[in-house]
Amino acid sequence: MSDDGWSPRALWRGFFPETPREGADAIVQNFLLHALPVRITRRALSWLASGWLGTITLHIFLVLCLTGGVLLFLYVPSIERAYASVKDIEFVVSFGSWIRGTHRISAHLMVAAVVLHLVRVFLTGAYKKEGAPGAFRPLNWWVGIMLMMLTFGLSFTGYLLPWDQLAYWAITVGTQIAGSVPLIGEELRQLMLGGDSVGQPALLRFYVLHCFVLPAFMIYLIAYHMWRIRKDGGLAVTDRVVGDARETARIAPPSPGKTYTLMGATQGVSAQASSPASLLARDSEAGGVSIVRRTIAIFLIVLAVCSLLGLLIPAQLEEPANPAVTPNPAKAPWYFLWLQELVSILTFRVGDTLVDGTLLGGVVIPGILIGLLASWPLLDKSPAAAAGVWFHPSRKRQNRVFLFLLFTALVLTVIGTFFRGAYWAWVWPWDTPHAHTRWI
Amino acid sequence: MSEEREVSRRRFFRWGATAAAVVGVMGHAAAWTRSLVANVRYEPPKRRTLGAPDQFPKGRTFLSDEKLFIVRDKLGLRALSAVCSHLGCTVGTSKAGYHCPCHGSRFAADGANLEGPAPRPLVWYALSIAGSGALIVDLGKEVAADTALELPRRGS
Amino acid sequence: MSDATSRFARADFRLVVAGGVLLLVALVVAFVREVDPPWSAVQDDVRAVVFERMGAEKAAGVPEGLQQIWIEPLDRVDRCTTCHLTIEWSSELADAPHPARSHPQGLLQAHPVQTFGCTLCHGGQGWATSTAAAHGHVDFWEEPLLDRALAKEYGLSRANLMELRCAYCHQTLEPVKGMPLLNAAKERVFDCLDCHRLPGLENEKPSAPDLTREGEKHPSKYVFPPGFKGERSALRWHIEHLLDPKKMSPGSGMTKFDLTRKDAAGLALLVMSWRRQGLPAAWTPKQGD
């Protein structure tokens with residue numbers, strides 16, 4: 001590579017490649033780079049194909065691990081000390097309020113980034129089972145769904161740790177919803193709480209889940225998720241690039257095992273100029289350079305945005321947990337508000353039968369939605385050419401269904417956030433909020 | 001237009017940006033590390049009230065909270081630290097002095113280190129009487145072995 | 001190198017520049033906040049007052065940095081002394097402007113600052129290190145500083161209002177020195193025994209709600225009549241209810257006693273002090289105290 005433009009040479013001195021061949025070798029020779037592809041197409045590298053939302057999510061998770069690691073030293077998971085230790089983080093720990101603010105805002109951003117990532121993958125048909133030989137993208141779609149659920153799980157468990165009113169009542173409601181599961185509900189609830197009521201065993205359980213169990217699964221699944229991208233031949237858009245190259249070359253496809261990973265491209269130096277391999281070589285870049293450079297840029301931007309927002313938006317801490325007083329309204333975090341809204345509006349009476357909104361909104365509907373998402377790659381009958389293309393015409397109808405569901409959840413979330421007041425009654429955002437009665 | 005200047009300008013920018021990024025990230029790491037240095041202490045104060053001076057009989061009285069021996073003899077009242085000068089274990093009494101259970105250091109009645117690994121004598125702390133008449137020890141203030149708090153005679 | 005490569009490289013370079021600059025901005029803001037916390041200027045002011053009144057030597061003895069009083073048996077922390085640095089100093093600072101003012105000695109004899117801290121009697125948020133948060137005038141903090149302005153809302157002196165917090169520990173129907181308003185209320189409270197059950201006083205056939213733990217009732221559980229004017233608080237509810245029971249709870253069978261507003265406030269504070277004490281044995285005041 002020439003000296004033009006910026007490259008992370010300063011950080012990777014010594015193995016910064018001077019030729020494409022060296023770039024390919026670096027992937028093999030350097031442990032840190034071994035997970036990266038030798039070549040990456042320009043279309044995959046552009047922001048339009050994927051928004052790099054997965055990488056962004058990964059780096060938000062990294063910021064969460066770093067700030068979480070610091071908070072781990074400062075927080076005490078006991079119902080007597082938890083709230084006080086968070087107050088100390090806010091008031092006397094150097095940079096404590098900033099670190100906690102960064103951790104909290106990053107958690108919110110990660111939920112948003114994960115959902116956007118899912119939306120992108122859906123709308124580009126990147127989960128489709130039709131792909132290059134050896135590729136099976138639905139598997140990564142399923143891993144992605146698990147990662148999304150882990151993200152929700154991490155958010156929820158993290159939310160409970162300060163042991164303030166928000167935390168206490170979120171645990172109470174959350175475990176009660178688990179308790180509405182038929183047959184095993186009550187056992188499940190007791191397993192989560194470590195007893196009948198919300199107390200020290202519950203806090204310790206959610207703490208271990210938040211700080212060890214869920215992150216451990218997360219890290220394992222993220223590694224698998226990224227490895228699967230390689231196994232599936234890169235982003236789905238790469239299939240289109242390969243297809244286009246073949247189309248341009250108008251020759252019979254060579255052995256597919258070589259080109260789909262682009263490995264053939266780097267070795268195709270002596271091939272005819274019109275072969276797909278050489279066309280691909282022209283339209284791609286050395287992965288070790290381009291992806292590392294892009295990753296560093298994304299890491300810096302993500303850290304900077306999380307850090308600045310953490311400074312500007314301090315994390316809240318409500319009153320200490322008080323089993324005697326339920327806040328009014330007791331609201332879930334925003335990404336669960338559509339479910340809370342469902343729980344609320346799906347509880348009604350038909351004649352003498354009470355429809356159980358808790359089971360419907362808290363368990364059945366989320367279960368159906370997850371099941372629907374998971375089975376979607378198997379239901380999708382659009383042609384292979386629809387993979388890796390935004391809004392492919394053949395997927396018009398399913399995109400509409402998906403966007404409708406998404407939009408509904410969004411509307412319910414907005415209603416739950418801005419239009420619900422005391423006793424979950426309808427309020428307008430411009431209404432004066434219900435004044436709290438003081439002690440004195 | 002000198003191409004050389006253009007190249008050096010680019011190189012300057014490249015290094016500047018890299019430096020900003022590195023300093024930015026390392027600065028965050030430094031701040032996060034600084035947060036682990038405790039700014040407040042959850043510890044009892046150095047000056048502690050020990051109660052009425054009369055409650056300490058002749059001889060040595062061990063106070064486990066303060067890790068102190070209150071010694072009462074003809075000099076008056078003195079406070080000897082029970083923390084071994086070697087590695088901080090709590091010493092016990094022996095017939096003539098003090099004996100550390102961890103590494104066997106022996107100390108004389110005046111706190112002098114006699115044998116074992118202890119490098120220094122045991123420490124004596126300043127005693128005083130508060131306005132309320134209570135005995136006060138200042139664990140931040142060391143005194144010589146023979147500095148005693150003379151007590152007013154009873155009945156006088 | 002082709003044009004496209006340099007296009008990506010340049011775009012990413014711009015991101016790196018933006019990231020680096022934003023990171024530095026965040027760092028600078030965070031460090032400025034850390035180096036200059038809200039209490040640091042206050043400490044300078046206190047030192048200036050001490051310098052002016054007591055000279056350079058004394059001013060040099062004013063503590064620096066975060067201060068805290070840890071009351072281990074009660075699991076409480078008060079950081080008020082971070083700003084109120086000279087609270088235990090001599091009477092030379094008795095009329096100094098806050099927060100340099102020293103505390104009157106009388107009550108401190110029985111309640112040393114290092115043992116009792118500040119918020120136990122005064123209210124406020126001991127954890128906090130900024131004025132608004134420490135004085136408790138913030139969201140999610142239920143025990144504000146019982147200051148003059150707050151007392152004035154109820155037509156009381158600050159000392160009278162603070163008797164509520166005295167009574168949290170001094171739970172007795174005997175008169176206690178220094179609590180004139182509640183002592184007067186205690187004389188009157190025996191009339192309530194006709195219908196109510198009161199702490200420490202049995203009533204075999206109560207015909208009205210049990211008041212033994214009335215002070216634990218959370219403000220959110222008080223029902224105000226529609227169109228109630230003014231700030232809503234548990235204390236106000238009790239005062240208004242004592243003055244006119246039917247106005248606050250329609251249909252109430254309680255007698256409308258002939259009380260002045262101050263009498264009612266005293267009784268209301270007394271009722272609100274009836275909550276579980278939760279003190280370690282060594283902290284429980286002796287009878288008659």
Just one listed residue, out of A:324, A:386, is surrounded by 18 or more Cβ atoms within 10 Å (Cβ to Cβ) and over 27 Å from residue A:152 (Cα atoms), and it is A:386
Among C:197, C:236, C:261, C:213, which is the only one that is loosely packed, with under 13 Cβ neighbours inside 10 Å and assigned by TED's automatic domain parsing to the domain that holds residue C:182? C:213
Kindly provide the set of residues from segment C:138-156 that are more than 12 Å from chain A (Cβ to nearest Cβ) and either surrounded by 15 or more Cβ atoms within 10 Å (Cβ to Cβ) or in contact (Cβ under 8 Å) with a residue 60 or more places away in the chain (or both), ordered by number. C:155
Quick one: in segment A:306-328, which of the residues that are at the interface with chain C (Cβ under 7 Å from one of its Cβ atoms), part of a helix (DSSP H, G or I) and of a type outside the set (Ser, Thr, Tyr) is farthest from residue A:434 (Cα to Cα)? A:308
Among the residues of segment B:43-53, is there at least one that is open to solvent by less than 40 Å² (accessible area, probe 1.4 Å), more than 21 Å from residue C:33 (Cα to Cα) and outside any helix (DSSP H, G or I)? yes
Test: residue B:80 is surrounded by 13 or more Cβ atoms within 10 Å (Cβ to Cβ), modelled with pLDDT of 95 or more, out of contact with any helix residue (DSSP H, G or I) (no Cβ under 9 Å at 6 or more places or on another chain) and outside any strand (DSSP E or B): no
Take residue A:46 and decide whether it is farther than 22 Å from residue C:29 by Cα, at pLDDT 95 or above and either open to solvent by less than 30 Å² (accessible area, probe 1.4 Å) or β-branched (Val, Ile, Thr) (or both). no
Output the qualifying pairs, or none if there are none: Cβ atoms under 9 angstrom, residues six or more apart or on different chains, first residue in segment A:100-116 and touching a residue at least 12 places away in the same chain (Cβ under 8 Å), second residue charged (D, E, K, R). A:100/A:90
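Let's see how each residue does on (1) open to solvent by less than 30 Å² (accessible area, probe 1.4 Å); (2) over 21 Å from residue A:153 (Cβ atoms):
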{"site": "A:57", "(1), (2)": "yes, no"}
{"site": "A:72", "(1), (2)": "no, no"}
{"site": "A:78", "(1), (2)": "yes, yes"}
{"site": "A:83", "(1), (2)": "yes, yes"}
{"site": "A:94", "(1), (2)": "yes, yes"}
{"site": "A:119", "(1), (2)": "yes, no"}
Restricting to segment A:121-138, and then to whatever is touching a Ser or Thr at 6+ places or on another chain (Cβ under 9 Å) and on the phi < 0 side of the Ramachandran plot, can you tell me which residue is most open to solvent (accessible area, probe 1.4 Å)? A:130
Can you find a residue in segment C:52-68 that is assigned to a loop (DSSP other than H, G, I, E, B), within 11 Å of another protein chain (Cβ to nearest Cβ) and open to solvent by 70 Å² or more (accessible area, probe 1.4 Å)? no
For segment B:1-40, name all the residues that are outside any helix (DSSP H, G or I) and more than 8 Å from chain C (Cβ to nearest Cβ). B:1, B:2, B:35, B:36, B:37, B:38
Please determine, by comparing only the residues of segment B:102-127 that are loosely packed, with under 14 Cβ neighbours inside 10 Å and under 19 Å from the mean Cα position of the chain (by Cα), which one is farthest from residue B:56 (Cα to Cα). B:119
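The values are calculated or read from the model by the stated rules, or taken from the named source; none is laboratory data. As the structure is a prediction and not an experimental result, all values here were calculated from the model. A quick note on method: Cβ atoms are made from the backbone with ideal geometry, for glycine too, and the neighbour counts reach across all protein chains shown. Areas reflect the complete protein model, heavy atoms only, side chains present, ligands, DNA and RNA absent. Shrake-Rupley method; radii C 1.70, N 1.55, O 1.52, S 1.80 Å.
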